[in-house]
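Here is the structure we will look at.
The values are calculated or read from the model by the stated rules, or taken from the named source; none is laboratory data. On a predicted model such as this, the values are computed, not experimentally measured, just so you know. Positions of Cβ are backbone-derived with ideal geometry, glycine not excepted, and every protein chain shown enters the neighbour counts.
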Amino acid sequence: MKKKKNKIMPFTFKIDFTNRTLSNPDSHIIRKLSSMKGQYLDQSIYNGMLKKEDTVLYEVYEKLAPEIEGELIQGLSIVHPGKVGREYFMTKGHFHSVLETAELYFCLKGQGYMIMETPEGDWSAEELVPYTALYVPGRWAHRSINVGSEDLLMLFVYPAHAGHNYVTIETKGFRKLIVEENSNPKLIDNPRWKGKNEFKTSQ
Ligand SMILES: [Fe+2]
């Protein structure tokens with residue numbers, strides 16, 4: 001659960017690479033396999049894995065700020081390594097509720113991709129390796145994917161009033177997928193994706 005901050009003072013925080021955490025986080029979100037229903041292509045493998053264990057796919061630690069224009073929320077995202085069939089462990093992916101808000105990511109460790117798309121149909125896939133900064137402009141939904149064998153660690157910063165809209169992606173997925181082929185990540189069209197990814201305003 002997020003704690004909402006009303007007042008804030010300048011602060012610093014440290015990233016603990018060994019324990020994969022932040023100093024004094026305000027929130028810790030844990031996303032498990034069960035939260036990704038319908039997102040992986042191979043439903044029988046997904047269901048089989050879920051029956052055995054509700055594995056943790058990724059975690060997010062945040063340092064919060066008042067959720068108003070002008071403030072920033074930042075934190076650490078950790079996508080664990082693993083696969084569901086040919087697809088890698090990945091985040092749910094989201095638009096920002098305030099669509100015209102951007103986000104900055106900085107890859108600290110690991111190997112991955114950010115898949116992005118707009119409601120208008122533009123898409124992009126950017127590789128993430130340590131010391132790469134990625135700018136996600138406003139209007140672009142984003143999902144990070146760990147294609148490596150260790151944790152994918154990223155620092156992120158976004159406007160504190162942006163909010164998260166998950167329902168659009170939960171309903172339709174992303175236009176593009178990254179799958180493993182001959183031990184390498186490969187970008188493919190999502191065979192289940194049809195029509196336009198209309199932006200839904202409800203959360
Ligand atoms: Fe975001």
The correct count of residues that are within 13 Å of the chain's Cα centre (by Cα) and either away from the ligand (no atom under 16 Å from the Cβ) or loosely packed, with under 15 Cβ neighbours inside 10 Å (or both) in the stretch 137-147 is 1
Members of the stretch 139-196 that are among the β-branched types (V, I, T) and in a loop (DSSP other than H, G, I, E, B): V147
Per-region count, the stretch 148-168, residues near the ligand (Cβ under 10 Å from one of its atoms) and of a type in the set (S, T, N, Q): 1
Options L128, L104, L134, L64: the member that is surrounded by 22 or more Cβ atoms within 10 Å (Cβ to Cβ), within 15 Å of the ligand (Cβ to nearest atom) and not small (G, A, S): L128
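Rundown of residues vs (1) under 19 Å from the mean Cα position of the chain (by Cα); (2) at pLDDT 95 or above; (3) among the β-branched types (V, I, T), yes/no style:
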position	(1), (2), (3)
K2	yes, no, no
N19	no, no, no
S23	no, no, no
S27	yes, yes, no
I30	yes, yes, yes
L33	yes, yes, no
G38	yes, no, no
T55	yes, yes, yes
Taking the stretch 91-138 and keeping residues in a loop (DSSP other than H, G, I, E, B) and within 21 Å of V179 (Cβ to Cβ) leaves T91, K92, G93, G110, Q111, V129
When residues of the stretch 178-200 are limited to those that are under 19 Å from the mean Cα position of the chain (by Cα) and modelled with pLDDT under 55, the one surrounded by the fewest Cβ atoms within 10 Å (Cβ to Cβ): F199
When (1) within 14 Å of V98 (Cα to Cα); (2) small (G, A, S); (3) at pLDDT below 95 are applied to G163, the one that fails is (3)
For the stretch 17-66, what are the residues that are of a type in the set (A, V, I, L, M, F, W, C) and not in a loop (DSSP other than H, G, I, E, B)? L22, I29, I30, L33, M36, I45, M49, L50, V56, L57, V60
